Each structure stands twice: as C-alpha cells, then as structure tokens.
1. Let me spell out the model: positive unit charges on the Cβ of Lys and Arg, negative unit charges on the Cβ of Asp and Glu, origin at the Cα centre of the chain. What dipole size does that give, in debye rounded to 20?
2. Tell me, what HN-Hα J-couplings in whole Hz come from the Karplus equation 6.51 cos²θ - 1.76 cosθ + 1.60 at θ = phi - 60° for each residue of region 188-202, using x for Gly and Pro?
3. Please check: in the Gaussian network model of the chain (C-alpha springs, under 10 Å), which one of LEU166, LEU145, LEU14 has the largest mean-square fluctuation.
4. Give the long-range amide H neighbours of GLY48: residues separated by 5 or more places, or on another chain, with amide H under 5 Å away, using H modelled in the peptide plane at 1.01 Å from N.
5. Return a whole-number percent for the relative contact order of the chain, with Cα pairs under 8 Å and 6 or more residues apart as the contact set.
6. In whole Å, how far is the Cα centre of region 173-202 from that of region 130-171?
7. If I take every Cα pair under 8 Å that is 6 or more residues apart in region 146-202, average their sequence separation and divide by the length, what percent do I get for the relative contact order?
8. Residues with amide H under 5 Å of GLY55's amide H, sequence separation 5 or more or different chain, H placed in the peptide plane at 1.01 Å from N; which?
Amino acid sequence: MAGNAEQIGEVLVLTPPMRSMVGAAFATHEEWPPSGWELSTEFRIRDGTDRRADGIAMVWLDLDRAGPPEWSGWAGGCMGLWNGDAGGMTGWAIELDTFHNDVEELPGIVDPDYPHVSVILDGDLTQPLAVGGAPMLDESQWQRLVVQSRTGHLEVRIDGASVLDLEDWNPPGDRGYIGFSASTGQLYNRHEVRTVRMTALP
Ligand SMILES: [Ca+2]
C-alpha cells in the first residue's frame, strides 16, 4: 500500500475525495499462470467535485524489469502511472479514465473527452496501445471490472459490456505484482476497489 491509499473494512480506498492525492496497493503474489488469467473486481468512483477526476488504473508491475514497487506515483493526475521526472511505472496498466486532461497543458497526451479505458505501457500516457469507450464509468455505485489477459487476447469488460478487445496482445513480463492506483488533481473523487478475484484461464 502506498501514498494516500488505505483499507477501510473490506474496501480499498485509493484516494479520499481531496485535491492532489495519489494512492496504490499491490498483491505481493509474483507468479501468474502462463495460460493467462482473469481479474474480476468491483470499483466505485464517487463523492468529490461535480466534474470527476482522475480515475483508477489496474496495474501490472513488471518484476522482470523492475524491483518491488517503492514508487508512489505522481499526485496531480495520470492515475499514479507517471511520476514526473522519475518517469512512468514499469509494466502495463488498464486505465479507467474519468477526466479529460488539458492536452495543451500536457502536450502529446491522448485523452478523449469522455470516460475511457486505455491500455498504457510503462506509464506512457502519450501513446496508449488501445483506447476504448466506457460511457458507464460514472455511476457512483459499485461496478464490475473484468480483465482477461492471455497471449493473443486482452479484453476489458465493465458491468458485462466489452469496452476494449485487443487481439494482438503480447503480455510483457512473466512475473508481476498486480494492483490498483488512482490519483486526483484540482478535481477529485473517492476511488474505491473491493473483492479482487484472480482466476487462471484454461
Ligand atoms: Ca485523463
């Protein structure tokens, strides 16, 4: 657990609804089935400012290329995937992005002005591997996120609807910590996750 994250009962609160927060938490399990896996969890984005920000990311920290996660992200945006001068997290992430960043302020960032789901490599938000829409991200209630990762296929579903489906997927790294991160900036929400379940794919 890092930054402003805390556990309250069975809920992992990644950020409280306050400005410039960043929080993350990881399971310390390292080895995942080579046939692939499915992550199923619930998340909730609520409270805070009328315009929502910034969102939640499911993160795979690549242990073949990086040590254990001492990184604590960057408060101010980017869901904790980017740490200013220290660069991005090492690995890949699925971002559930609720805030349209000012692309003039952050040149090169590809940030559609609707809630979206992206695949991010090494924290580089300027070049998402894929972007999908997720108009159902802002419900203020628990929503189910399912991520299936296997060689040749990455799929993200929210409340049963497929929001991103990538056939040409070569998961980087065999050993990783899986977790979640979130951040806020001038605008903010409470970002929460609960009941994470991992299943091996056949
Ligand atoms: Ca954004």
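Read-outs throughout are calculated quantities, based only on the coordinates presented, and are distinct from any laboratory measurement. Since this is a predicted model, take the numbers as computed values, not measurements. Positions of Cβ are backbone-derived with ideal geometry, glycine not excepted, and every protein chain shown enters the neighbour counts.
1. The calculation lands at about 560 debye.
2. 7, 9, 7, 10, 10, 9, 8, 6, 8, 10, 10, 10, 6, 8, x
3. LEU166
4. Counting only residues 5 or more places away or on other chains, the set is ARG190.
5. Relative contact order comes out at 38 percent.
6. That distance is 13 Å.
7. 23
8. THR98, SER183
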